[in-house]
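Visitor: Here it is: the structure, laid out below.
The values are calculated or read from the model by the stated rules, or taken from the named source; none is laboratory data. Treat the numbers as computed from the prediction; the structure is a model and nothing was measured. We place every Cβ from the backbone using ideal geometry, glycine too, and count neighbours over all the protein chains shown.
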Amino acid sequence: MNCLFIVNILLSARTARFWRKNRMLMLEQFESPEVFYPESISDLPATDLKNIEVIILIGDSIFFNRIINSLYPSLTENLGQNILAFISDSGRSALTDGLGLPNRIQKSIDLIKRKQSIPMDLIRCHYIDHHGFPSNQLVLNDVLIGLPLLKIPLIFESLINWTKSVPIMPFRKKRKTISLMHEGKELYQGEYFFGLLLLGRRITRGPKIGHRMRINLTKFDYVQLNSRTVKGVAAALPDLLSGRLESGRPDLLYIKLNELEINGVGKDNKLIADGMHIGRLPASFTLLPKAVRVISPLITVKIKKPWEKKRATVKVPKPAGSREIIDFTNRRSHNSLR
């Protein structure tokens, strides 16, 4: 198996310590593996990826995001020949949790050597960057809309801490409006507090939402909290954090889509993709189904419904209209000739 390690030791001290500790354990289990240390987030290996079967990325989830954005054109040209693997240098994350990756390094290596993979869906996001120019990038897990980056742990880690926090007051005074468009039709227009696009079941640098696994996705989840009062937020957040999103609350919008256009004006309409502040609205989001192949223990085989098996064993009688038609005239003439 031709294998390429891309390790973030030059850009992360934590990854460097992790690599020094586990380097020999990982490299000695592959035959002649190649190793590449990127000097910048856009630095690409000189190796022809057509000759590489498995690309192992070692770092944090942000590094995984950046490398996939850089490698995606090459991965597309190879038509799914490359399999991506991720070994986190910091334990559990939203990405490892969504892919069901093991905690122990040896189990991760064994999984990679078996080459058990699943198709991974991504989101193509077009937005306005920090300089006011149109830009785009791939989103692996989630997008937060209308929230400041530094307040994410405060808002999502604990409902009690969030309701007692001071930063909620400026949000209540400011009026943020938003409009949602899908296939040329307006889904919503009015005030909102924040929005969330989610592919996995956990927010980057935040809590789990529901029990959704990343298997055979056809749509992403969009959740929007419209209430701007402490009472309204406190009433809606339990449904959000527990995954009970089908309740149809008027202050909690929940829909499943494969594309979405969001319009909003103002610096408060910030976009945070996979834990990184990338820009602001207006933005559009399009699901890219089965965009890359990723090592994962999850099983993608569709389970047949139990009633289908029972139905297959039941003998269905033929309807009356399908019985064989006998031509009695021809039968009589045939008997007379005999």
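Visitor: So, in segment 38-62, how many residues would count as being within 17 Å of the chain's Cα centre (by Cα) and at pLDDT 95 or above?
Guide: Narrowing segment 38-62 to residues within 17 Å of the chain's Cα centre (by Cα): 60-62.
Keeping just the survivors that are at pLDDT 95 or above gives none.
Matching residues across segment 38-62 total 0.
Visitor: Still on this structure: Could you give every pair whose Cβ atoms fall below 6 Å, whose first residue belongs to segment 72-87 and is surrounded by 17 or more Cβ atoms within 10 Å (Cβ to Cβ), and whose second residue is in a loop (DSSP other than H, G, I, E, B), counting only separations of at least 6 or pairs across chains?
Guide: Close Cβ pairs (under 6 Å, with a partner that is in a loop (DSSP other than H, G, I, E, B)) amount to Leu75/Asn82.
Visitor: Which of the following residues is modelled with pLDDT under 90 and surrounded by fewer than 16 Cβ atoms within 10 Å (Cβ to Cβ): Arg172, Arg202? Spell out how you get there, then give the answer.
Guide: Details: Arg202 fails: surrounded by fewer than 16 Cβ atoms within 10 Å (Cβ to Cβ).
Selected residue: Arg172, the only one of Arg172, Arg202 that is modelled with pLDDT under 90 and surrounded by fewer than 16 Cβ atoms within 10 Å (Cβ to Cβ).
Every residue, every condition in (1) in a helix (DSSP H, G or I); (2) polar (S, T, N, Q); (3) under 23 Å from Arg202 (Cβ atoms), yes or no:
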residue: Ala16; (1), (2), (3): yes, no, no
residue: Glu31; (1), (2), (3): no, no, no
residue: Ser42; (1), (2), (3): no, yes, no
residue: Ala46; (1), (2), (3): no, no, no
residue: Ile62; (1), (2), (3): yes, no, yes
residue: Arg66; (1), (2), (3): yes, no, yes
residue: Ser74; (1), (2), (3): yes, yes, no
residue: Thr96; (1), (2), (3): yes, yes, yes
residue: Leu101; (1), (2), (3): no, no, yes
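Visitor: If Pro317 satisfies every condition in (1) at pLDDT below 70; (2) more than 18 Å from Ile178 (Cβ to Cβ); (3) surrounded by 14 or more Cβ atoms within 10 Å (Cβ to Cβ) but one, which is the exception?
Guide: (3)
Visitor: Then there is this: Scan segment 248-290 residue by residue and report those that are assigned to a loop (DSSP other than H, G, I, E, B), touching a residue at least 24 places away in the same chain (Cβ under 8 Å) and under 24 Å from Leu217 (Cβ atoms).
Guide: If the condition is that a residue be assigned to a loop (DSSP other than H, G, I, E, B), touching a residue at least 24 places away in the same chain (Cβ under 8 Å) and under 24 Å from Leu217 (Cβ atoms), then Asn258, Asp274, Gly275 are the ones that fit.
Visitor: On to the next question. Looking only at segment 19-35, which residues are over 13 Å from Leu57 (Cα atoms) and among the aromatic types (Phe, Trp, Tyr)?
Guide: Within segment 19-35, Phe30 is the sole residue that qualifies.
Visitor: Answer yes or no: is there a residue in segment 121-131 that is modelled with pLDDT of 90 or more, buried (at least 19 other Cβ atoms within 10 Å of the Cβ) and touching a helix residue (DSSP H, G or I) at 6+ places or on another chain (Cβ under 9 Å).
Guide: yes
Visitor: Cβ-Cβ distance below 6 Å, separation of 6 or more or different chains: which pairs start in segment 190-211 with a residue that is farther than 11 Å from Asp142 by Cα and end on one that is of a type in the set (S, T, N, Q) and assigned to a loop (DSSP other than H, G, I, E, B)?
Guide: Going by the 6 Å Cβ cut-off, the qualifying pairs are Tyr192/Asn226.
Visitor: Consider Leu111 carefully, then state whether it is at pLDDT 90 or above, surrounded by 21 or more Cβ atoms within 10 Å (Cβ to Cβ) and either among the hydroxyl-bearing types (Ser, Thr, Tyr) or in contact with a strand residue (DSSP E or B) (Cβ under 9 Å, 6 or more places away or on another chain) (or both).
Guide: Details: at pLDDT 90 or above: yes; surrounded by 21 or more Cβ atoms within 10 Å (Cβ to Cβ): no; either among the hydroxyl-bearing types (Ser, Thr, Tyr) or in contact with a strand residue (DSSP E or B) (Cβ under 9 Å, 6 or more places away or on another chain) (or both): yes.
So Leu111 fails the test.
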